[in-house]
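Visitor: Below is one structure. I have some questions about it.
Derivation of every value follows stated rules applied to the coordinates shown; laboratory data play no part. The structure displayed is predicted, hence computed values, not measured ones. Every residue, glycine as well, gets a Cβ built from its backbone with ideal geometry; the counts of neighbours run over all protein chains shown.
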Amino acid sequence: MNVIELKSLTKNYGNARGITDVSFNVEEGEIFGFIGPNGAGKSTAIRTLLALIYPTSGSATIFGKDCIKFSPEIKKEIGYLPSEVFYYDKMKVIDLLKYSASFYKKNCDIRIKELAEIMDLDLNKKIDDLSFGNKKKVGIVQGLLHEPKLIILDEPTSGLDPLMQQKFFDLLKEENKKGATILFSSHILSEVEKLCHRVAIIKEGKLIKLEKISTLKENKHKKFKIETKLDLDNEYFNIPGITKLEVQDNIVSFIFRGNINSIMKKLSAIEITNLWIEEPDLEEIFMHYYKKED
Ligand code: ADP
């Protein structure tokens, strides 16, 4: 079952581009990554899903219902962490969280305490006195306290230190194991790679790739680093399938995609002193897709 379905969703801000004709589905139980550089259109898509803004054309459903028409009903089952959080600064953290919890028809007190403990958040502090990272934690607890079926996170890790990020990811994995579907937007590929099952890559308002993380990484691209005493120039490696070619002193590195035998033949013809072949990380593959689309 699809928890989220975007159907040719388009949002223009006057004449300015927001998102154009974006379609993809998020299946129940998935951790789905929504990635692209700043300004690509991630927040626009998410805000439209949450009916905070209205689409220019196209539509979207959440839990099989139109996300605009049924927004109040749908939102009860969604936990949302916006990219920027603003609060009533004079309030104490606990009061703000209790106020948030009052919108749901269940007692969230225990869960608030548990989440605050996991995220190392002092519930008795005034929001005013919190650092940016700690305010982000308030947003995280606020988004998760009602144990939503769908968690939508817009750039959630900015401001969190690496240890907190890890705790937060573990928490999300646990929520996912308990059945929550997660939509996670980010411009940082390494974090999406760690957490998500599938990704949609968005660029300048348009979807450019929809793929399983495992497929993206699967054997398709290899990262080569070769050490040789020969004086090689770029021309020697001017063969199809090679990208990101760099020749520095006696080290040559590149990403290769294609029939591995063709590159091995090329390499066997030269004297090599050392060789490394690795799986490239998502960042490197992603940049490659970007180039292809340009
Ligand atoms: P992302 O979340 O990927 O960083 P956004 O969805 O915020 O991207 O932005 C997508 C595009 O829409 C950008 O070109 C941005 O300038 C534009 N945009 C976003 N919000 C507004 C707005 N309120 N008014 C006009 N343009 C906007």
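Visitor: Determine the gain in length on full extension of the stretch residue 245-residue 83; use 0.36 nm per residue of separation and subtract their C-alpha separation, reporting nm with one decimal. Mind dumping the intermediate values first?
Guide: Values: separation 162, 0.36 × 162 = 58.32 nm, distance 3.60 nm.
Working it through step by step, the gained length comes to 54.7 nm.
Visitor: Quick check on the exposure proxy: order 108, 67 from fewest to most C-beta atoms within 10 angstrom.
Guide: Values: 108 20, 67 23.
Fewest to most other Cβ atoms nearby, the residues stand as 108, 67.
Visitor: Now, a different point. Given the options 110, 62, 208, state which has the largest fluctuation in a GNM of the chain using a 10 Å cut-off (strictly under) for Cα springs.
Guide: Residue with maximal mean-square fluctuation among 110, 62, 208: 110.
Visitor: Next question. Could you tally the net charge around residue 43, taking each other residue with its Cβ under 11 Å from the Cβ of residue 43, Lys/Arg +1 and Asp/Glu -1? Mind showing how you got there, number by number?
Guide: On the way: positive: 11, 42, 47; negative: 84, 154, 155.
Once positives and negatives cancel, what remains is 0.
Visitor: Follow-up. Just to be sure I understand: with springs between alpha-carbon atoms less than 10 Å apart, which residue in 231, 161, 120 has the highest mean-square fluctuation in the Gaussian network model of the chain?
Guide: Between 231, 161, 120, it is 231 that shows the largest mean-square fluctuation.
Visitor: Kindly provide the helix-only [θ] at 222 nm of the chain, computed as the sum of -39,500 (n - 2.57) over DSSP H runs of four or more divided by all residues, to the nearest 500 deg cm²/dmol? Please report the intermediate quantities before stating the final value.
Guide: Values: 10 runs with 94 residues, N = 294.
Using -39500 (n - 2.57) per qualifying helix, the result is -9000 deg cm²/dmol.
Visitor: Among 157, 68, 248, whose Cα lies farthest out toward the positive end of the dipole of the chain, if unit charges sit on the beta carbon of Lys, Arg (+1) and Asp, Glu (-1)?
Guide: Working it through, the farthest residue towards the positive pole turns out to be 68.
Visitor: Within region 40-77, report the trypsin sites (Lys or Arg not before Pro) that DSSP leaves as loop and that have at most 15 other Cβ atoms within 10 Å.
Guide: Values: sites: 42, 47, 65, 69, 75, 76; in loops: 69, 76.
Of the trypsin sites (Lys or Arg not before Pro), the ones in loops of region 40-77 whose Cβ has at most 15 other Cβ atoms within 10 Å are 69, 76.
Visitor: Measure nothing but the geometry: give the 0 to 90° angle between the long axis through the Cα atoms of 132-144 and the longest principal axis through the Cα atoms of the chain, rounded to 10°.
Guide: 70
Visitor: Counting other C-beta atoms within 10 Å, which of 249, 95, 170 has the fewest, and how do the rest follow?
Guide: On the way: 249 7, 95 15, 170 11.
Exposure proxy ranking, most exposed first: 249, 170, 95.
Visitor: Let me ask something else. Rounded to the nearest 0.05, what FRET efficiency do residue 15 and residue 278 give with R0 = 41 Å and r taken as the Cβ-Cβ distance? Could you check? Don't skip to the end; give the middle numbers.
Guide: On the way: r = 45 Å, r/R0 = 1.10.
Step by step, r from the Cβ atoms, then E = 0.35.
Visitor: Using the Karplus curve 6.51 cos²θ - 1.76 cosθ + 1.60 with θ = phi - 60°, work out ³J(HN,Hα) for each residue of region 48-54 in order, rounded to whole Hz, and write x for Gly and Pro.
Guide: Whole-Hz 3J(HN,Hα) from phi for region 48-54: 5, 4, 8, 6, 7, 9, 9.
Visitor: By counting other Cβ atoms within 10 Å of each Cβ, how are 85, 26 ranked from fewest to most? List each step's numbers first, then the result.
Guide: Working: 85 17, 26 24.
If I rank by nearby Cβ atoms, fewest first, I get 85, 26.
Visitor: Using only Cα atoms and rounding to the nearest 10 degrees, what angle (0 to 90) does helix 282-293 make with the longest principal axis of the chain?
Guide: 80
Visitor: What residues qualify as long-range amide H neighbours of residue 3, i.e. H under 5 Å apart, gap of 5 or more or another chain, H built at 1.01 Å from N?
Guide: 26, 27, 28
Visitor: Between residue 210 and residue 110, what is the FRET efficiency for a Förster distance of 45 Å, r being their Cβ-Cβ separation, to the nearest 0.05? Before the final figure, lay out each step's value.
Guide: Working: r = 38 Å, r/R0 = 0.85.
My answer for the efficiency is 0.70.
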